[in-house]
Amino acid sequence: MNIIQISDTDLPGRRFNGYDLKLFLNQQGHQVYQFVMNKVSNDPNTIQLLTDRGLIIRTMLIDFEKRLCMNGLTYPYGEIMKGRQEFQKADIIHYHLIHNYFLSLLDLPLLTKLKPSVWTIHDPWAFTGHCVYPMDCEGWKTGCIPCPRLQDHFPMRYDKAGQMWKIKRQVYNEMDIDIIVSSKFMEDYVRNSPLTSHFKNIHRIPFGIRTEDFRRATRDNARKRWRIPDHHFVIAFRSEQNKYKGVKYILEMLKKLSSTKPITLITVGSEPLPSGLRKRFNVIELGWQNDLNTLYDFYAACDVFLMPSIAESFGLMAIEAMASARPVIVFEGTALPDVTFAPDCGIAVPYKNSDALRVAVERLINNPEECRYRGELGRKLAEQHYKFEDYVRRHIELYQEIFNRKRIR
């Protein structure tokens, strides 16, 4: 089949934005391209739609939309894409992250009529008039009037969220498209939103990872790499400024954490931890990581992985930790309890509750057998539900089903 994956970029987020999917499908004999705004790789099958001259125009359009307090209406790249030979030859167009100053919503009805199309909805932006994550706001169900958090991404100086919500409703009503979501959490959004509940073809395909790769690293070798004493209890997490990742609650928890064992903290991510933590804990900060072997060792070195996100539509790092046979602690109220099979495998604690997070961590510190049991169960579940090969197979089957269905028309 001739397939095009469409996203804002290629290598950043490659595991979920269609890049890795493209590589695997091409290896299996399909002809797959990826259209992006910002190309990072040297892959000849990744095509950047943005030229140097176009960058100036795009910058002007971003500024123009910010002044209008609107988002995703003025960009010309749908028209540019439509004229490409690769698009014209395609059997299937697969849209991924398209709202980062990329495609105009107004182009989607025509684009989806021209070619059989599928859209992986990665976050709730598709259902709101403004924000990426509504959190506890229910306005997305009734029209986003008024918007209580105008400074959330994408920020608005004036409240145009209601207008954007209506525009999305009109656009979606004119679209002929299949929808993919990765979790029950996101499927519930699609089915309950007045904007998308009319879509008939909704498919849940969890993201996949190469689970066997996470068996490569061993605890002993990983700890030797960073000189972590064997008797330390090691807590791993991602440290980012992004408020949705919940680092705030980990830091609150660490202030109160009580343990008879020495603790090592190991992090990936761009946000340094407060220097005061080094007085109580052994701290290892790996920074932002693209090196897979370092990530394998990161998980292998730890006893528990914390992912207390306050907004999460799937959680790839959670399933990576599971594949590494490490228990995962998450907050309720996101996709993560379902993704980690809590309470049987993952541990889900009350939302935004750092005390409950502390209790769960202390329980695992004091119960190494529970740590091992949950970790081993996590690996089994990851191999049953989150294998990359299954992720690819389900996409191929869906592409063929959509192509046949649309061709019959």
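What follows draws every value from the coordinates through simple rules; no lab data is involved. All values derive from a computational prediction rather than experimental measurement. Quick reminder, even Gly has a Cβ in these numbers, built from the backbone with ideal geometry, and neighbours come from all protein chains shown.
The table below lists the values:
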{"read-out": "Fully extended contour minus Cα-Cα distance, from His99 to Asn404, at 0.36 nm per residue", "value": "106.9 nm"}
{"read-out": "Computed magnitude of the charge dipole of the chain (debye, nearest 20; Cβ of K, R +1, Cβ of D, E -1)", "value": "280"}
{"read-out": "Whichever aspartates and glutamates have a C-alpha closer than 15 Å to that of Lys160, once near sequence neighbours (fewer than 8 apart) are set aside", "value": "Glu65, Asp152"}
{"read-out": "Fewest-first sequence of Arg379, Arg191 by Cβ atoms within 10 Å of each Cβ", "value": "Arg191, Arg379"}
{"read-out": "Cut-off 17 Å (backbone N to label point 7 Å along Cα→Cβ of Gln85), residues of segment 1-34", "value": "2-4, 31-34"}
{"read-out": "Ranked packing of 320-326, 306-312, most packed first, by mean Cβ within 10 Å", "value": "320-326, 306-312"}
{"read-out": "Cβ-derived FRET efficiency at R0 41 Å, Leu110 paired with Asp344, nearest 0.05", "value": "0.30"}
{"read-out": "Packing-based exposure ordering (other Cβ within 10 Å, fewest first) of Cys131, Cys147", "value": "Cys147, Cys131"}
{"read-out": "Where GluC sites (Glu not before Pro) fall in DSSP loop in segment 51-139, at most 15 other Cβ within 10 Å", "value": "Glu138"}
{"read-out": "Virtual spin-label span in nm between Lys380 and Ser259, 7 Å along Cα→Cβ", "value": "2.7"}
{"read-out": "Equivalent ellipsoid semi-axes, the chain, via Cα gyration tensor eigenvalues times 5, rooted, Å", "value": "38, 24, 20"}
{"read-out": "Phi-based couplings in Hz for segment 75-89 (Karplus 6.51, -1.76, 1.60; Gly and Pro marked x)", "value": "6, x, 6, x, 5, 4, 4, 4, x, 6, 4, 4, 5, 5, 8"}
{"read-out": "Ratio of Rg to Rh over segment 211-385 (Cα coordinates, Kirkwood Rh, two decimals)", "value": "0.92"}
{"read-out": "Kyte-Doolittle mean at least 0.0 and Cα axial length at least 15 Å: DSSP H helices in the chain", "value": "52-68, 354-366"}
{"read-out": "The chain, helix-only ellipticity at 222 nm - DSSP H runs n ≥ 4, -39,500 (n - 2.57), divided by all residues, nearest 500", "value": "-11500 deg cm²/dmol"}
{"read-out": "Segment Lys248-Asn367, length gained on full extension (0.36 nm per residue, minus Cα span)", "value": "40.3 nm"}
